[in-house]
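Beneath this line is the structure, given in structure tokens, with notes to follow.
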Amino acid sequence: MRMAATEPKVSATVDFDRGGKHFGYLGIPHSRNESGWGAVHLPIVSIKNGQGPTLVCTGGNHGDEYEGPIALMKLARALDPGEISGRVILIPALNYPAVMAGTRVSPIDGVNMNRAFPGERSGTVSAMIAHYVQTRILPLADGLLDIHSGGKTLMFSPFACYHRIADSAVMEQAKAAALAFGAPISLELVELDAEGMIDTSVEEMGKVFVGTELGGGGTTTTETVAIAETGIRNLLAHFGILDETPQTREARGLPPTRRMHMPDPDCYVIAEDGGIYEALLDLDSPVEEGDAVGQVHFPEKPERAPAVYRAKRPGTLIGRTHKALIEPGDFLALIAEEV
Ligand code: CA
């Protein structure tokens, strides 16, 4: 039987319209030297009960970021369908080949999943995953939570985020949802390059997108995993899928969520030199315009003074490079401003 050319080549073993909890996978054709007629099996979980909204939660969009996969697998096992009204679709490892390899981008095709949207029906493995999510999952969603952290090369002060978008009604919903997540920071994020992101696909469909950056360095802490776990449940409660009160940070005896924004691209500090980066400020440090945030040393010329990188605006340092060996074009620091 031949499929119509518009049908995804990816197939799902779960029926998202069925009630109850179902563990299954997306089958992505991947015939290769090691496996003739083979496929990638990408785990997916659908939990549905009664009537209500649908929240889709993804982790492992980048394969070296771990809070999402950990928190979503724990939730998938723990959540009882009887607890919810509506539907939760969990994809703990959106770029499954990358998660299994511990790499940011797919080891199969070198593609960054968060630049692969809306995908291609008959493209590479990453493009087929994106195409399936774009055409079969996102239309089911009222909102999407994509859990990121910094991966092996970046480190963030934990935040939930939404984007400044043209549709102000949807933006206000996303802003409220990001705040309900209850991370230490809620950030109105301006991307360096938004084309091809799942975020952009969700927003272009007029749906609520919430993202996170919860830490980084290719590992987790007890704090960042706890933020993810609490945040997901808070978001489910915010959508009315879980009948419980979101746990605010104040209720947990923590300082309230700090609301921040990025007024312009000067929030990013980008390397123009290659060498060894010495951070001069730690995360959460307040900065004034002109403050040195770090400097690049030149190991081939010890007599040469380092190149100093300065904040182009005041604010708080909430992101930095985690790696020290820097090339021109590398991200060095992110400065956001308290609202
Ligand atoms: Ca990421």
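The values are calculated or read from the model by the stated rules, or taken from the named source; none is laboratory data. Keep in mind that what you see is a predicted model, and the values were worked out from it rather than measured. Cβ atoms come from the backbone with ideal geometry, glycine included; neighbour counts cover every protein chain shown. Keep in mind that these areas ignore ligands, DNA and RNA; they rest on the heavy atoms of the full protein, side chains included. Shrake-Rupley method; radii C 1.70, N 1.55, O 1.52, S 1.80 Å.
Can you tell me how many residues in region 159-168 are open to solvent by 20 Å² or more (accessible area, probe 1.4 Å) and touching a strand residue (DSSP E or B) at 6+ places or on another chain (Cβ under 8 Å)? Quick ask: steps written out before the conclusion?
Our first condition is that a residue be open to solvent by 20 Å² or more (accessible area, probe 1.4 Å); within region 159-168, this holds for 164-168.
Within this subset, residues satisfying the condition of being touching a strand residue (DSSP E or B) at 6+ places or on another chain (Cβ under 8 Å) are 164.
Residues flagged as open to solvent by 20 Å² or more (accessible area, probe 1.4 Å) and touching a strand residue (DSSP E or B) at 6+ places or on another chain (Cβ under 8 Å) within region 159-168 amount to 1.
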task = Tell me which of these E229 doesn't satisfy, since it passes every other one: (1) in contact with a Lys or Arg (Cβ under 9 Å, 6 or more places away or on another chain); (2) in a loop (DSSP other than H, G, I, E, B).
result = (2)
query = Looking at region 202-224, which of its residues are more than 16 Å from the ligand (Cβ to nearest atom) and either over 19 Å from the mean Cα position of the chain (by Cα) or surrounded by fewer than 22 Cβ atoms within 10 Å (Cβ to Cβ) (or both)?
reply = E204, M205, G206, K207, T221, T222, E223
inquiry  = Condition (residue is open to solvent by 10 Å² or more (accessible area, probe 1.4 Å) and away from the ligand (no atom under 16 Å from the Cβ)) applied to region 140-147: is it met by at least one residue?
reply    = yes
query = List pairs: first in region 253-269 and touching a residue at least 60 places away in the same chain (Cβ under 8 Å), second of a type in the set (S, T, Y), Cβ under 6 Å, 6+ apart or cross-chain?
reply = T257/S186; R259/S186; V269/Y309
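Could you list all residues from region 268-304 that are part of a loop (DSSP other than H, G, I, E, B), out of contact with any His (no Cβ under 9 Å at 6 or more places or on another chain) and open to solvent by 60 Å² or more (accessible area, probe 1.4 Å)? Step through it out loud before you land on a result.
Filtering region 268-304 down to residues part of a loop (DSSP other than H, G, I, E, B) leaves 271-274, 280-285, 288-291, 298-304.
Subset that is out of contact with any His (no Cβ under 9 Å at 6 or more places or on another chain): 271-274, 280-285, 288-291, 298-303.
E272, L280, D282, D284, E288, E289, P299, E300, K301, P302, E303 - these are the residues of region 268-304 that are part of a loop (DSSP other than H, G, I, E, B), out of contact with any His (no Cβ under 9 Å at 6 or more places or on another chain) and open to solvent by 60 Å² or more (accessible area, probe 1.4 Å).
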note = The correct count of residues that are of a type in the set (A, V, I, L, M, F, W, C) and surrounded by fewer than 24 Cβ atoms within 10 Å (Cβ to Cβ) in region 225-252 is 6
remark   = Of the residues in region 169-188, those that are closer than 27 Å to T321 by Cα and either open to solvent by 20 Å² or more (accessible area, probe 1.4 Å) or in contact with a Ser or Thr (Cβ under 8 Å, 6 or more places away or on another chain) (or both) number 10
